[in-house]
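The values are calculated or read from the model by the stated rules, or taken from the named source; none is laboratory data. Please read these numbers as outputs of a predicted model, since none were measured by experiment. Note: ideal-geometry Cβ built from the backbone for every residue, glycine included; neighbour counts use all protein chains shown.
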Amino acid sequence: MAHKIETAPTGRASCRGCKQTIAKGEFRFGEEFQNAYSEDGGMSYRYWHLKCAATKLANELRSALRGYEGSLEDIPDRAEIEALALSHIRPEMPHAERAANGRARCKGCDEDIGKGELRVAFERVFEGPMGAQKGAAYTHPICAARYLEREKEQGREGPDRATLAGLLKQNSKLEADDAETVRRAVMGEAP
């Protein structure tokens, strides 16, 4: 899906983050999505204030800023927006991390993942009220292979164990002991 930065041609769009109107002439971030409500199911854009996008869609905003064809100096508070986005960057998927809370349920065994436990995050696309949306699916490290098998049964692609272990090493920001624990669990090795 495409992303863009532009000035608002009218003052009619509302920000998806704060729900306030984006004023005419103000810079905004556009996120393309498939519009389920259009007659032809075509693509549309959801708009965000740049600061709102910096906290919710930091990775996408940074990419759009790099691809912006106008002068970045024209964007008010650009340095502040870039710093805000940098502080909200999400690791690339898949990655391993310690659970920030106990609300996630493992997609491999359907058990809760407790706060502070190691988990693997996979990117998934699900159908939401406004069309396809991206989110995370979490597994215990030992359940990652089972989750990937289920995904393949559903016709979705996924890495094999060795590739997954390499991606987790590359994308995760774990202490060495935790990284090794995750690697061994994903590879099916004894602790």
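Points worth noting:
- Residues in the range 1-42 that are part of a loop (DSSP other than H, G, I, E, B), more than 23 Å from Phe126 (Cα to Cα) and acidic (Asp, Glu): Glu26 only.
- Filtered residues of the range 15-37 (kept if at pLDDT below 90 and either of a type in the set (S, T, N, Q) or in contact with a helix residue (DSSP H, G or I) (Cβ under 9 Å, 6 or more places away or on another chain) (or both)): Gln34, Asn35
- Meets criteria (exposed (fewer than 13 other Cβ atoms within 10 Å of the Cβ) and either over 19 Å from Gln133 (Cβ atoms) or touching a residue at least 40 places away in the same chain (Cβ under 8 Å) (or both)) for Gly42: no
- Test for Leu168: is it without any contact (Cβ under 8 Å) to a residue 40 or more places away in the chain, buried (at least 19 other Cβ atoms within 10 Å of the Cβ) and either outside any strand (DSSP E or B) or of a type outside the set (D, E, K, R) (or both): no
- Tallying residues that are surrounded by 14 or more Cβ atoms within 10 Å (Cβ to Cβ) and modelled with pLDDT of 80 or more within the range 115-134 yields 7.
- Residue in the range 61-106 that is nearest to Ala136 (Cα to Cα), counting only those that are assigned to a helix (DSSP H, G or I) and acidic (Asp, Glu): Glu82
- In the range 38-60, the count of residues that are of a type in the set (Asp, Glu) and modelled with pLDDT of 90 or more is one or more.
- Residue in the range 140-155 that is in contact with a strand residue (DSSP E or B) (Cβ under 6 Å, 6 or more places away or on another chain), β-branched (Val, Ile, Thr) and modelled with pLDDT of 95 or more present: no
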